[in-house]
Structures are given as structure tokens and as C-alpha cells.
Amino acid sequence: MESAPDKNQGSALPSTDAVRNLLRAVIDPELGDNVVDLGMVGDIGVSPDGVVTIGFKLTIKGCPLRAQLKKDIESRLHVHPSVTKVVIDWGEMTADERTAVMTRARWNARENATETAVPLGARVLAIASGKGGVGKSSVTVNLAAALASHGATVGVLDADIWGFSIPRMLGMPDRLQAERVEGRDKPMILPNERHVGSGLLKVVSTGMLVDDESTALMWRGLMLTKAVEQFLNDVHWGELDYLLIDMPPGTGDVQMGLARMLPRTDLIIVTTPAISAQKVAIRAADMARRSFLRVAGVIENMSHFRCDHGESYPLFGVGGGQALADEIGVELLGQVPIEPTVAAGGDAGEPVALHGTGDAARIFNEIAARLAEQTVSLEAMSGCSARDETDGVEVSVRPRS
Ligand SMILES: Nc1ncnc2c1ncn2[C@@H]1O[C@H](COP(=O)(O)OP(=O)(O)OP(=O)(O)O)[C@@H](O)[C@H]1O
Ligand SMILES: [Mg+2]
């Protein structure tokens, strides 16, 4: 006999604790900590129809970060399938609360100065896909190069532990070095660096730990998530504006690990225009939803091939990128055509985005500009909370400034 259906089954409303946990992924970039631990989140209510109400205290009422925080809070909570609406009840901290926040922020800044962890001010973007070979690594190196060429400091973490391709694609084969850092009992890994335009790339990959690509097979027994965790915790990243993570194909482990270790990671999902690829890519989006990672957008790679006569051929179909973006409810960040220069740039260690004159180079640079636009400009946010009311002295709480 079938048992009676459970009345609560299917009503997976988040608990107030779950909401609070999701909000831990919202970082006040100026204070360098998450809004929950900073004491900004007050009462939380969850109504039966999925409306989440949050009491939120800004450091000062006119804080210019407010719009950004609102967007961040909403997008973090909307990854939960049962949340229908987010209502924020804005308030302002008392002078005492503000002082407590500043004390904590200063303490964090001091801690961060000697920590290996990814700096809190860095935007973390993981480049993922549902299946292999769609161009994740090509997208990673080209976006990293484009962002750096415009002056950013960009970390690149090759999370494809045994299928690494980043060292070759960026022309950075050197072995990683380790260094003793004050306050740490074991040496830290120094990322390899390459100056690009006015910016800087800081890169780590297991390819920089082994002699050749075939030696990497020895790493098979290594737990993927452990290796990635080590790259996140034991690398002396220093100053970073972005951290781009090249994800391995077809594994959820690393993504789940990232969700645990760096919940503020945004995913960029790469797909080809074939509708069949889009169906596979949706798995990556599903995984994102389950691990509560936010998707920053979709990139359609290998969109079409334009011949010398200017005629365009959609070799791998049409519409997959837009269909996927629509299904997830995010923006299609760009459509990169098939161009031999993309592959040649990867083989030569010179991403096409740096010197290319074709459509692919232009589009990679446009996508990078779009991502930079999405990212809060910390400089534009000064004067919000970095004023210490106790002594009237402006203090910098960002370790990098
Ligand atoms: N837009 C493009 N035009 C031409 N060739 C491309 C393009 N994008 C990627 N490629 C080529 O396709 C191949 C696969 O790309 P890439 O290695 O970036 O994919 P991937 O998703 O990282 O693969 P894996 O899943 O194995 O890590 C490479 O040889 C690359 O040079
Ligand atoms: Mg790859």
C-alpha cells in the first residue's frame, strides 16, 4: 500500500539560518568581510509564499554601496528555488555598531596581510561547462589576458589538475617556487607572473609542478578538491582584482568544493551553439543551483565560422548560448566565433585577445569589459564606511591599498 503523501514534501522553503548562510556570500568589498559576520544582517523572515524579508543595517544611510549590496543580496537569495521575492528593510548602524564593524574590518585586514587565501576584494569567476572541449581554457586565458591588458591584476587558477593546459596557453612553463611568509609555519607557493599591458597575470597550475604533461598522470590518485583547496589556501596570491578558475571538464567535485571554500565564486558557463551541447551545459547550471553558486553569464564559443569572403557558417548549430542563458535567466555575455587564431594563440602561449585583430579578439575584449562593468568599482565606493568615527581618522581597511 502506498503511504500518504507528506504534507511538507515539496515545500522546501529556506530556514532563516539557511538564508543567513546564503548571505555569507555577500561581501562588503570596502570592509572586506561578509555582511553577516559584519553584523549588517538583522531579522530575517520567510513567508509561506517564499517572500524573504531581511533587516539590513548600512554603515551609513547614504552608503553608495547600497545598490550593489541590494543586487548581490537578491541574486544570492534567488538561487534558492523557493525564494519568490526579496524585501530589504534598510536601516543604519549606531555609532557603537559602526565602531565594532571597523574594529573587525581592521582585524581582518591585518589577518589577510599574512594569509594565503584569495583576497576578499578579488572577484572570483570559475569558467565551467557541461562537457569537455568547448573552450573553457581558451575563454579563461583570453579573458584573463584582456582584463590584465587593461590594467587589472588577474589570478588564474588551473583547476584542471591532471588535464592542465593553462601554462602552455599563457606561455608560462616555469616551475612554481615556494617562499617562507611571515606568520605561516610552512612555505607558501608563489604564483608565476607575467606582465600584460599595464596589468599582471598571476598563475598557478599543476603543470607548473610536474616536468611534462605525461607526468601529470601521476596525479590521478590525488583528490581533486584537495589540490584545488591547496591552491586556494597555500598560494601567496597577494593583490588581486580577479581570480579566474579554469574548471576541469565533467566533474561536480571541484564545483562543490569551490562552493564550500569560496561561496562568492560566480560561474561563467561556456557552451557551443548546438542545442545538444546546451542540454549538457544545463547540468553545470543545475550544479550551480544545487551548490548555491551564482551564474554570472553564458559565453557561446565556436558560434560560427566566417570565411575569407565574409560569409558566415554556423558549423555547430545556432542558438544554444541564448537558449541556455534564457533557461538560467542570465545574460549571454558574448558569442565567440571559430577562428584558427584562437587555437594558434593557445598553442603559442599568446592569447588572441592580446594582439588579434579579428572578431574573436574583439569579442573576448568586449566580454572582459562587460565583466569589469559588473564588478564593483571599489575606488568609486570610497567614503562609505571606511571612516572611523572614534578618532575621525580615515583608515584604509583594504590590505591592498
Ligand atoms: N573560438 C575558437 N576558435 C577556434 N578554436 C578554438 C576556439 N575555442 C577553442 N578552440 C580550440 O578548441 C580546442 C578545445 O578548447 P579548450 O582546450 O579551450 O577547451 P576546454 O573546454 O578547456 O577543454 P577541456 O574540457 O579538455 O579542458 C583547443 O584546441 C582550442 O584551441
Ligand atoms: Mg580545459
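The values are calculated or read from the model by the stated rules, or taken from the named source; none is laboratory data. Please read all numbers here as calculations on a predicted model, not as lab measurements. Every residue, glycine as well, gets a Cβ built from its backbone with ideal geometry; the counts of neighbours run over all protein chains shown.
Screening SER75 against (1) under 28 Å from VAL330 (Cα atoms); (2) in contact with a Ser or Thr (Cβ under 8 Å, 6 or more places away or on another chain); (3) polar (S, T, N, Q) leaves a single unmet condition, (2).
Close Cβ contacts (under 9 Å, 6 or more residues apart or on different chains) running from residues in segment 149-173 that are closer than 14 Å to MET208 by Cβ and not assigned by TED's automatic domain parsing to the domain that holds LEU258 to residues that are more than 14 Å from ligand 1 (Cβ to nearest atom) and of a type in the set (Ser, Thr, Tyr) are absent. Restricting to segment 117-145, count the residues that are within 13 Å of ligand 2 (Cβ to nearest atom), modelled with pLDDT of 90 or more and charged (D, E, K, R). Number of matching residues: 1. Within segment 71-87, is there a residue that is farther than 27 Å from ASP286 by Cβ, surrounded by 15 or more Cβ atoms within 10 Å (Cβ to Cβ) and not assigned by TED's automatic domain parsing to the domain that holds GLY238? Taking every residue of segment 71-87 in turn, none turns out to be farther than 27 Å from ASP286 by Cβ, surrounded by 15 or more Cβ atoms within 10 Å (Cβ to Cβ) and not assigned by TED's automatic domain parsing to the domain that holds GLY238.
Taking the criterion of being of a type in the set (S, T, N, Q) and touching a Phe, Trp or Tyr at 6+ places or on another chain (Cβ under 8 Å), the only residue of segment 311-343 that qualifies is SER312.
Pick from VAL270, VAL298, VAL254, VAL228: which is under 25 Å from LEU147 (Cα atoms), modelled with pLDDT of 80 or more and touching a Lys or Arg at 6+ places or on another chain (Cβ under 6 Å)? After applying the criteria, what remains is VAL270. Scanning segment 339-365 for residues that are of a type in the set (Gly, Ala, Ser) and either within 24 Å of PRO173 (Cα to Cα) or touching a Cys at 6+ places or on another chain (Cβ under 9 Å) (or both) turns up ALA343, ALA344, GLY345, GLY346, ALA348, GLY349, ALA353, GLY356, ALA361. Within segment 22-69, being surrounded by 15 or more Cβ atoms within 10 Å (Cβ to Cβ) and part of a helix (DSSP H, G or I) holds for LEU22, LEU23, ARG66, GLN68, LEU69.
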